[in-house]
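Report on the structure given below.
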Amino acid sequence: MDVTVTATLPADIECRIYPVAKDAAIQLPLESSGLIAEAAKASRFTGEAGGWFEIFVTEGGQTVRAVLLGTGEGRKTDYEKAGGTISARLLTSGVKRIAVIADGLSAESLAALSLGARLRSWRIDTYRTKQTEAQKPSLESLHLISEEKADAPAFVHADALVSGISLTRELVAEPGNIIYPESFVERCKGLADLGIEVSILDETDMKNLGMGALLGVGQGSPRAPRMLALRWDGSEGKQLNPIAFVGKGVTFDTGGISLKPGAGMEDMKWDMGGAGAVAGVMKALALRKAKAHVVGVCGLVENMPDGNAQRPGDVVKSMSGQTVEVINTDAEGRLVLADTLWWAQETFKPKTVIDLATLTGAIIAALGNEYAGIFSNDDTLAGQIVKAGEDTGERLWRFPMGDAYDKMIDSPIADMKNMGSRYAGSITAAQFLKRYIKDGVAWAHLDIAGMVWADKPGSLHDKGATGYGVRLLDQLVTDVAEA
Ligand code: BES
Ligand code: MN
Ligand code: ZN
């Protein structure tokens, strides 16, 4: 869907949308304003964010399709939600060209509305060959009727977010036979055109670096692993130490020899959601030319059972030199991250490291699909991330860490084992990662297993890939690195 900002209403508009704040008096520049206001009231339309009231009226002898769209309290998230409603209602309605009559709304509010509309309209139809016309999206253009300038920073920012989130969703939604470590990297190579420095490690490079933890996970798969680094320096060299975003990129997680049950295993195509979010936010930051030095590192590998796969009980040596007893080959994300985190710190010397991972089922048991879990060694950083989550609607809840939990992953044969007991599974996973964070580095781990994929539509996404993490990290960069 194209979004354009124009001062006057184009002639061929099929539906006019009027934003209405919560409990505001309804007064429209239409002959039927009074009728519409009465009908809306009778239909219990109150202007709450995302509220929708649609009516056909006669204006100067012509039929006009008019919509009242609730914008709630006028917060950014309210406008996003309102925009999302436009797409949810009209995407496949048969309507092609619509306009939001938006005089008086700021560029920020309009940008939020268009962001919501575009995010909610995203879908992956690549593999559908039998769609009828009525099933296909009809919506082509959204005109924002406003005196605001189309190149205002808020619009540039929204465009960047849409592109970044779309990349994340694409990577997440694609099946495991299409997205595997090499093809993930291929889809990200084009980011170099935006000024991002792209570097890639292949299996030989990783062997030479001693990444036995990551390589052990991939050794049962014919798909070769990759390490992908995306570096953006918009600080003009002023920020020597970047912020590092590190993503778990298990392109398919069967569990390996500790095989997962069959039911629902298809979900494990999105076990690369952390890496997908990292790629997406790097794209967004480069597109909006963020004034910050940021590096995104993705550890990419497929976890398969095979005659050559690693066994429960195997001991592997990570790049850090620490050894791990692999109790369960399905606790593979932390093994991948151990080497990815270490390599990211050695290579880019970040002061701040934030990893994103679909790491544990236990985080879904605790928080469902409403909050991601956050674990951190730094109260300031944790507070900044939680706040960015509140501001963007990508919310997080902090969990405790500590020595008692750390002890739970001590091993009788190696430096640590890759799982704890039945209890506190998300925390022991975080304790494992913490053993790969260097002294003096502020670190946060985001367990996003419940957030990457949605079984039902939300206000800014359809069923499927959500793109969680991109807006969160983009906001964090704005708050802490560009300030
Ligand atoms: N990728 C899974 C975690 C997961 C589960 C994500 C369900 C999304 C939905 C991870 O690799 C995993 O298998 N974790 C195990 C760890 C356990 C073996 C210690 C888990 O959570 O069961
Ligand atoms: Mn697993
Ligand atoms: Zn996994």
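The values are calculated or read from the model by the stated rules, or taken from the named source; none is laboratory data. This one's a predicted model, so the numbers in the text were calculated from it and none came from an experiment. No Cβ is skipped: glycine too gets one built from the backbone with ideal geometry, and neighbour counts run over all protein chains shown. The area values use the complete protein model at the heavy-atom level, side chains included, leaving out ligands, DNA and RNA. Shrake-Rupley method; radii C 1.70, N 1.55, O 1.52, S 1.80 Å.
So that you can scan it fast, the table gives a plain yes or no per residue for (1) more than 22 Å from the chain's Cα centre (by Cα); (2) farther than 28 Å from A82 by Cβ; (3) in contact (Cβ under 8 Å) with a residue 60 or more places away in the chain:
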{"residue": "S138", "(1), (2), (3)": "yes, no, no"}
{"residue": "L144", "(1), (2), (3)": "yes, no, yes"}
{"residue": "K149", "(1), (2), (3)": "yes, no, yes"}
{"residue": "T168", "(1), (2), (3)": "no, no, yes"}
{"residue": "S183", "(1), (2), (3)": "no, yes, no"}
{"residue": "C188", "(1), (2), (3)": "no, yes, yes"}
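Among the residues of the range 344-362, which ones are within 14 Å of G450 (Cβ to Cβ) and within 17 Å of the chain's Cα centre (by Cα)? Even if it seems obvious, please write down each step before you answer.
Pass one, the range 344-362, residues within 14 Å of G450 (Cβ to Cβ): 356-362.
Residues satisfying the conditions are L356, A357, T358, L359.
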Notebook entry, point to check: Just checking, how many residues over the range 223-266 are in contact with a strand residue (DSSP E or B) (Cβ under 7 Å, 6 or more places away or on another chain), among the acidic types (D, E) and open to solvent by 40 Å² or more (accessible area, probe 1.4 Å)?
Noted result: 1
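How many of the residues in the range 324-366 are in contact (Cβ under 8 Å) with a residue 40 or more places away in the chain and within 12 Å of ligand 1 (Cβ to nearest atom)?
Qualifying residue count, the range 324-366: 21.
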Checklist line | Looking only at the range 206-220, and only at residues there that are open to solvent by less than 20 Å² (accessible area, probe 1.4 Å) and in a loop (DSSP other than H, G, I, E, B), the one that is nearest to A284 (Cα to Cα) | finding: M211
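Of V172, V246, which residue is in contact with a Leu (Cβ under 6 Å, 6 or more places away or on another chain) and within 30 Å of R123 (Cα to Cα)? Talk me through it step by step, then tell me what you get.
Working: V172 fails: in contact with a Leu (Cβ under 6 Å, 6 or more places away or on another chain).
Checking each option against the conditions leaves just V246.
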Next item on the list: Could you look through the range 1-41, keep only residues that are within 15 Å of K96 (Cα to Cα) and touching a helix residue (DSSP H, G or I) at 6+ places or on another chain (Cβ under 8 Å), and pick out the one that is surrounded by the most Cβ atoms within 10 Å (Cβ to Cβ)?
Entry: I17
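Let's see how each residue does on (1) among the hydrophobic types (A, V, I, L, M, F, W, C); (2) farther than 20 Å from P242 by Cα:
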| residue | (1), (2) |
| --- | --- |
| L341 | yes, no |
| A344 | yes, no |
| F348 | yes, no |
| N369 | no, yes |
| V386 | yes, yes |
| K407 | no, yes |
| M416 | yes, yes |
Next item on the list: Can you give me the number of residues within the range 267-309 that are within 16 Å of ligand 3 (Cβ to nearest atom), open to solvent by 10 Å² or more (accessible area, probe 1.4 Å) and not aromatic (F, W, Y)?
Entry: 6
Check: Quick check: anything in the range 453-460 farther than 29 Å from G264 by Cβ and surrounded by 18 or more Cβ atoms within 10 Å (Cβ to Cβ)?
Finding: no
Checklist line | Complete set of residues in the range 315-333 that are among the hydrophobic types (A, V, I, L, M, F, W, C) and either farther than 19 Å from K438 by Cα or within 16 Å of ligand 2 (Cβ to nearest atom) (or both) | finding: V315, V316, V324, V326, I327, A331
Note to self: For the range 252-274, check the following and say yes or no: at least one residue is modelled with pLDDT of 95 or more, away from ligand 1 (no atom under 16 Å from the Cβ), farther than 26 Å from I385 by Cβ and out of contact with any helix residue (DSSP H, G or I) (no Cβ under 7 Å at 6 or more places or on another chain).
What the structure shows: no
Check: Cβ-Cβ below 7 Å, separation at least six or inter-chain, first residue in the range 224-236 and over 10 Å from A290 (Cβ atoms), second hydroxyl-bearing (S, T, Y) and open to solvent by less than 10 Å² (accessible area, probe 1.4 Å): which pairs?
Finding: M227/T340
Next item on the list: Out of N377, N369, report the one residue that is in the same structural domain as R471 (by TED's automatic domain parsing) and in contact with an Asp or Glu (Cβ under 9 Å, 6 or more places away or on another chain).
Entry: N369
Notebook entry, point to check: What number goes with the only condition from (1) surrounded by 15 or more Cβ atoms within 10 Å (Cβ to Cβ); (2) within 22 Å of A11 (Cβ to Cβ) that T71 does not pass?
Noted result: (2)
Next item on the list: Examine the range 408-422 for a residue that is farther than 22 Å from K207 by Cα, crowded, with 18+ Cβ neighbours inside 10 Å and polar (S, T, N, Q), and state whether such a residue exists.
Entry: no
Notebook entry, point to check: Here are some conditions: (1) over 30 Å from D205 (Cβ atoms); (2) of a type in the set (A, V, I, L, M); (3) within 16 Å of ligand 3 (Cβ to nearest atom). V336 meets all but one. Which one does it not meet?
Noted result: (1)
Check: So, in the range 461-483, of the ones that are of a type in the set (A, V, I, L, M) and touching a residue at least 24 places away in the same chain (Cβ under 8 Å), which residue ends up most open to solvent (accessible area, probe 1.4 Å)?
Finding: V480
Next item on the list: Under 8 Å between Cβ atoms, at least 6 apart or on separate chains: pull out the pairs that start in the range 250-275 with a residue that is assigned by TED's automatic domain parsing to the domain that holds M304 and end on any residue that is among the basic types (K, R) and part of a loop (DSSP other than H, G, I, E, B).
Entry: T251/R223; D253/K260; T254/K260; I257/R311; M268/K260
Check: Taking the condition surrounded by fewer than 19 Cβ atoms within 10 Å (Cβ to Cβ), within 28 Å of L287 (Cβ to Cβ) and touching a Leu at 6+ places or on another chain (Cβ under 9 Å), does E182 pass?
Finding: yes
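Answer yes if at least one residue in the range 279-288 is small (G, A, S) and within 12 Å of ligand 2 (Cβ to nearest atom), and no otherwise.
Keep residues of the range 279-288 that are small (G, A, S), which gives 279-280, 284, 286.
When the remaining residues are screened for being within 12 Å of ligand 2 (Cβ to nearest atom), the result is none.
No, there is no match, as no residue in the range 279-288 is small (G, A, S) and within 12 Å of ligand 2 (Cβ to nearest atom).
Quick one: which residue in L341, L381, L367 is open to solvent by less than 40 Å² (accessible area, probe 1.4 Å) and within 18 Å of the chain's Cα centre (by Cα)?
Numbers: L341 fails: within 18 Å of the chain's Cα centre (by Cα); L381 fails: within 18 Å of the chain's Cα centre (by Cα).
The conditions single out L367.
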Next item on the list: Consider M401 carefully, then state whether it is under 21 Å from G450 (Cα atoms) and assigned to a loop (DSSP other than H, G, I, E, B).
Entry: yes
